[in-house]
Amino acid sequence: MSEPRFALIQGASRGLGLAFVRRLLEDSSYERVVATSRDPEQSPGLAALRERHGKALRVEPMDVTDELSVASVAERVARDSTRLHLLVNCAGILHDEKDVRPEKKLETVEPGALRRVFEVNAFGSLLVAKHFLHLLRHPQRAVLANVSARVGSIGDNRLGGWYAYRASKAALNMFTRTLSVELGRRAPNAICVALHPGTVDTDLSRPFQRNVAPGRLFDPDRAARQLLEVIDGLEPEQSGSFLAWDGAPLPW
Ligand SMILES: NC(=O)c1ccc[n+]([C@@H]2O[C@H](COP(=O)([O-])OP(=O)(O)OC[C@H]3O[C@@H](n4cnc5c(N)ncnc54)[C@H](OP(=O)(O)O)[C@@H]3O)[C@@H](O)[C@H]2O)c1
């Protein structure tokens, strides 16, 4: 029998993150799934999964823009799991209920919104890596997956716009690549990748779904399944790469 696996999904209150948690809880090779979100009590999706799966699901409050919050969750998780086999950084914003709107032109660029988007989409994932590194250093295979976006590709940017979101995902991609080099030395069994989930039917994409080709808007469950297939198939030499939902490499 293979060893039980442990996973942590950060940004799990809804959308793609919640779909990852649901899928992993149904996968008997995972003994425990930790789901983090800013305020888990406000997530009906997590409440339903808790009711159904009991102790197999552990829910922790984590705001990735607050390093203390990231560090304290890492400390609590390490008390009862000494290793993680999968860590998915999923939290991301394109717009919010306050001042963050994807910019169509230069005049709408706002320093506060730029900072906020970078904090959540890029810095947050790196802080999570920093505080959870010790749980990825073990003799078994581990994967750290940062959920990025194709629009973060510099080489593929033909449309322009969305300054903050695009640049934050490009920064996340650079963090992923840089981290993969360090993990190669410090956690050689850990594979670290940036993944594009495709366009997924969530709150994030809802205002922008009009031009999505038929059949190319994935429901969150399908998107999570596709990315988990990519994750399961990763080879160690793919660490540091940027891959799409179908496993195809994407240009930086
Ligand atoms: N949907 C798409 O088409 C698409 C395409 C490409 C890439 N992506 C990427 O996929 C990931 C998931 O997005 P989604 O579509 O599932 O979006 P979503 O439904 O809007 O969910 C976003 C998640 O991020 C969390 N979050 C926001 N700010 C946070 C913070 N400061 N700390 C911790 N969590 C925070 C939200 O938690 P709260 O409930 O607390 O706000 C929520 O769980 C993102 O990284 C996104 O950029 C999505």
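The values are calculated or read from the model by the stated rules, or taken from the named source; none is laboratory data. This structure is a prediction, so every number in the text was calculated from the model and none was measured. Reconstructed Cβ throughout: ideal geometry from the backbone, glycine too, with neighbour counts over all protein chains shown. Quick note on the areas: whole protein, heavy atoms, side chains included, nothing else; ligands and nucleic acids left out. Shrake-Rupley method; radii C 1.70, N 1.55, O 1.52, S 1.80 Å.
Of all residues in the range 138-180, how many are open to solvent by 20 Å² or more (accessible area, probe 1.4 Å) and touching a Gly at 6+ places or on another chain (Cβ under 7 Å)?
Residues meeting the conditions: 3.
In this structure, is V33 in contact with a Gly (Cβ under 8 Å, 6 or more places away or on another chain) and aliphatic (A, V, I, L, M)?
no
Give the range 14-31 a look and list any residue that's among the polar types (S, T, N, Q) and open to solvent by less than 40 Å² (accessible area, probe 1.4 Å), or say none.
The answer is S29, and nothing else.
Tell me which of these P236 doesn't satisfy, since it passes every other one: (1) within 12 Å of the ligand (Cβ to nearest atom); (2) open to solvent by 50 Å² or more (accessible area, probe 1.4 Å).
In the conditions (1) within 12 Å of the ligand (Cβ to nearest atom); (2) open to solvent by 50 Å² or more (accessible area, probe 1.4 Å), P236 misses (1) alone.
Give me a count of the residues in the range 95-113 that are part of a loop (DSSP other than H, G, I, E, B) and open to solvent by 10 Å² or more (accessible area, probe 1.4 Å).
Going through the range 95-113, the residues part of a loop (DSSP other than H, G, I, E, B) turn out to be 95-105, 109-110.
Among the residues that remain, those that are also open to solvent by 10 Å² or more (accessible area, probe 1.4 Å) are: 95-99, 101-102, 104-105, 109-110.
Within the range 95-113, residues that are part of a loop (DSSP other than H, G, I, E, B) and open to solvent by 10 Å² or more (accessible area, probe 1.4 Å) number 11.
So, in the range 197-214, how many residues would count as being among the small types (G, A, S), out of contact with any strand residue (DSSP E or B) (no Cβ under 7 Å at 6 or more places or on another chain) and within 17 Å of V147 (Cβ to Cβ)? Break it down into steps so the answer makes sense when it comes.
Initial filter on the range 197-214 (among the small types (G, A, S)): 198, 205, 213.
Subset that is out of contact with any strand residue (DSSP E or B) (no Cβ under 7 Å at 6 or more places or on another chain): 213.
After this cut, where a residue has to be within 17 Å of V147 (Cβ to Cβ) as well, the list is none.
Residues meeting the conditions: 0.
Counting only residues that are assigned to a loop (DSSP other than H, G, I, E, B) and open to solvent by 10 Å² or more (accessible area, probe 1.4 Å), how many does the range 32-63 have?
3
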